[in-house]
Amino acid sequence: MDATLQLLSLQSPGWGGVLLAGLAASLQVAFGGYLLGLIIGTAGAAGKLWGGPVLRDVLEVYTTVVRGVPELVLILILYYAGTDAVNQVMALLGLPAVDISGLAAGIFVIGVVQGAYSTEVLRGAILSIPPGQIEAARAYGMSPLLALRRVTLPAMLPFALPGLSNLWLIATKDTALLAVVGFAELTLVTRQAAGTTKAYMTFFLAAGALYLAVTLISNLVIRALEKRALRGMVRPEAAL
Amino acid sequence: MSVLPEPAAYIAPKARSLREPHRIVLMLIFAGLIVCAAWFMRWDWLPRYQERLLYGLWQTLLLLFSTSIVGFLLAVPLGLVQVTGPRPLALLARGFCTLIRGTPLLLQLWLLYYGLGSVFAQFPEIRSSFLWPYLRQAWPYGFTALMISFAAYEGEVMRGAFAGVPKGELEAARAFGMGRFTMFRRIWLPRAIHRALPTLTGETVLQLKSTPLVATITVVDVYAIISRVRQETFLTYEPLLLLALIYLCLTGMLVYAFRLVEKRIPSRGA
């Protein structure tokens with residue numbers, strides 16, 4: 001038992017440092033992907049709600065396809081086909097092929113996937129704002145953008161937060177799928193460490209504990225955020 | 001809630017006619033894409049792999065149905081125990097759900113297959129038992145991991161559904177003189193399932209979308225077959241495109257089937 005625990009030490013004979021580096025890579029991709037997803041999602045929700053018919057249909061295709069195809073398959077498609085497409089475009093422009101870093105590709109992939117889900121979450125949340133609040137903003141003479149910033153976005157937050165926090169937890173776990181395309185994040189690093197040392201259980205359990213810690217800490221933060229977003233409001237469940 | 005009419009921008013897009021001009025343009029573009037795919041892409045490998053693809057598809061569906069049915073049967077007690085069970089048992093179920101939901105499925109899969117698989121090999125009793133031929137295959141591990149994960153996610157859904165059944169209905173059942181078990185079977189469970197059905201649809205779709213992960217532990221499903229195609233033909237786009245299309249059809253059919261079930265279940269007073 002003691003020998004296997006020494007495998008987890010941070011110094012060189014142990015693999016603890018490698019695991020933590022993998023965790024850092026995972027968290028980077030998760031953060032980046034989540035932020036990109038939020039940006040895509042906000043734009044997508046706005047497009048679905050206020051865009052023209054063409055934009056709406058295109059967005060509908062985007063969300064349907066992404067939500068209907070497994071993340072693993074999407075990751076493969078976006079990772080291989082995406083980098084290939086970028087290089088073909090570069091070749092068309094007469095530029096040398098670029099080497100896309102795993103981190104950038106990972107963030108892009110997770111972001112596109114998250115974007116589809118957060119589009120739906122944000123759209124639903126905006127739709128659940130009592131229309132009177134928007135009308136009040138209009139009656140005050142707010143321009144649409146000001147109303148969006150001051151009223152719509154803060155008012156939708158309580159409705160969106162459960163979905164968004166769920167998406168964050170999914171993002172942290174989706175990063176594990178990047179192991180399949182060879183990005184050195186926590187799961188892949190764990191498998192390499194386990195394969196080298198043959199201490200499979202030790203490493204996989206350790207990685208599981210790391211993921212669980214991320215989830216539990218996220219839960220604490222989410223609870224605090226929810227409390228803050230809901231200040232001075234009736235809880236959305238109670239309002240129904 | 002306000003009784004004022006919703007502003008125009010807030011009405012969700014309705015299903016409109018396909019004959020609208022922009023839809024026709026979009027469909028033309030789509031048809032153009034299909035023609036491009038047929039013209040510029042190579043599909044000559046398809047007949048050679050047809051049989052294996054169908055086998056992979058069958059394996060994927062088998063995995064989906066077996067894990068979601070057994071997982072659901074596990075999820076019902078998991079949810080129920082969290083609502084009414086004795087405290088230690090409830091905490092245990094709660095911890096199980098948190099543990100499974102807090103770690104990626106890929107990790108659980110690899111933990112079971114590589115980790116548990118290597119531990120099993122160390123015990124001579126297991127090696128000589130009749131189970132050993134099965135334990136050396138990947139299928140049981142994939143099945144177990146998917147089932148456990150489904151049970152954990154569904155358990156959480158069922159917990160909410162059980163807790164959400166109005167107390168008055170249960171009291172009415174008791175007033176009718178129903179025993180605890182009859183009440184559970186006749187009132188509580190059907191009402192909870194009815195409430196949970198939309199979420200169950202989503203969870204089952206998610207389950208379908210996590211089945212390709214088992215290909216990483218050498219279970220041969222449709223994803224694994226497509227990976228084989230990619231390795232053997234050196235094609236990038238075609239197999240992946242086909243794979244995405246297959247999964248799109250599968251999710252579509254799954255959602256449609258659940259719709260039918262939802263419609264069939266009577267919803268008096270719900």
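The values are calculated or read from the model by the stated rules, or taken from the named source; none is laboratory data. Just so you know, these numbers come straight off a predicted model, no measurement behind them. Note that we place each Cβ from the backbone using ideal geometry, even for glycine, and neighbour counts take in every protein chain shown. Keep in mind that these areas ignore ligands, DNA and RNA; they rest on the heavy atoms of the full protein, side chains included. Shrake-Rupley method; radii C 1.70, N 1.55, O 1.52, S 1.80 Å.
Consider only pairs whose beta carbons are under 6 Å apart and that are at least six residues apart or on different chains; among these, list those whose first residue lies in segment A:135-147 and is closer than 20 Å to A:Gly51 by Cα and whose second residue is open to solvent by less than 60 Å² (accessible area, probe 1.4 Å) and hydrophobic (A, V, I, L, M, F, W, C). Correct list of pairs: A:Ala147/A:Ala137. Can you confirm whether B:Phe176 is at positive phi and out of contact with any strand residue (DSSP E or B) (no Cβ under 8 Å at 6 or more places or on another chain)? Taking the combined requirement at face value, the residue does not satisfy it. Remark: pairs (first residue in segment B:250-263, without any contact (Cβ under 8 Å) to a residue 40 or more places away in the chain; second residue part of a helix (DSSP H, G or I) and surrounded by 13 or more Cβ atoms within 10 Å (Cβ to Cβ); Cβ separation under 7 Å; 6+ apart in sequence or on different chains) = B:Gly252/A:Gly68. Looking at this structure, is A:Gly132 modelled with pLDDT of 90 or more and within 11 Å of chain B (Cβ to nearest Cβ)? No: the conditions fail for A:Gly132.
Just one of the listed residues (B:Gly79, B:Gly142) is away from chain A (no Cβ under 14 Å) and under 18 Å from B:Thr204 (Cα atoms), and it is B:Gly79.
Where helices (runs of 4 or more DSSP H) fall entirely within segment B:54-135, those with at least 2 residues that are among the aliphatic types (A, V, I, L, M), more than 30 Å from B:Met253 (Cβ to Cβ) and open to solvent by 50 Å² or more (accessible area, probe 1.4 Å) are at B:87-101.
In segment B:89-122, which residues are of a type in the set (Lys, Arg) and more than 8 Å from chain A (Cβ to nearest Cβ)? Once the filter is applied, which keeps residues that are of a type in the set (Lys, Arg) and more than 8 Å from chain A (Cβ to nearest Cβ), segment B:89-122 yields only B:Arg94. A single entry from A:Thr196, A:Thr190, A:Thr175 fulfils the requirement of being part of a helix (DSSP H, G or I), within 19 Å of A:Leu5 (Cβ to Cβ) and either basic (Lys, Arg) or within 10 Å of chain B (Cβ to nearest Cβ) (or both): A:Thr190.
Being open to solvent by 10 Å² or more (accessible area, probe 1.4 Å) and more than 10 Å from every other protein chain (Cβ to nearest Cβ) is true for just one of A:Leu35, A:Leu55, A:Leu19. Which residue is that? Answer to the selection: A:Leu35.
Could you list, in sequence order, the residues of segment A:75-88 that are more than 8 Å from chain B (Cβ to nearest Cβ) and either surrounded by fewer than 17 Cβ atoms within 10 Å (Cβ to Cβ) or under 23 Å from B:Ile246 (Cα atoms) (or both)? Within segment A:75-88, A:Ile75, A:Leu78, A:Tyr79, A:Gly82, A:Ala85, A:Val86, A:Asn87, A:Gln88 meet the criteria. For segment A:90-118: of the residues being farther than 30 Å from A:Leu188 by Cα and part of a helix (DSSP H, G or I), which is least open to solvent (accessible area, probe 1.4 Å)? Step by step, filter segment A:90-118, then rank; the result is A:Met90. Residues of segment A:199-226 that are within 30 Å of A:Leu157 (Cα to Cα), facing another protein chain (nearest Cβ under 10 Å) and touching a residue at least 60 places away in the same chain (Cβ under 8 Å): A:Leu210, A:Val214.
Scanning segment B:89-140 for residues that are at pLDDT 90 or above and of a type in the set (Lys, Arg) yields B:Arg94, B:Arg101. Of the residues B:Ser210, B:Ser227, the single one that is open to solvent by less than 50 Å² (accessible area, probe 1.4 Å), in a helix (DSSP H, G or I) and in contact (Cβ under 8 Å) with a residue 60 or more places away in the chain is B:Ser210.
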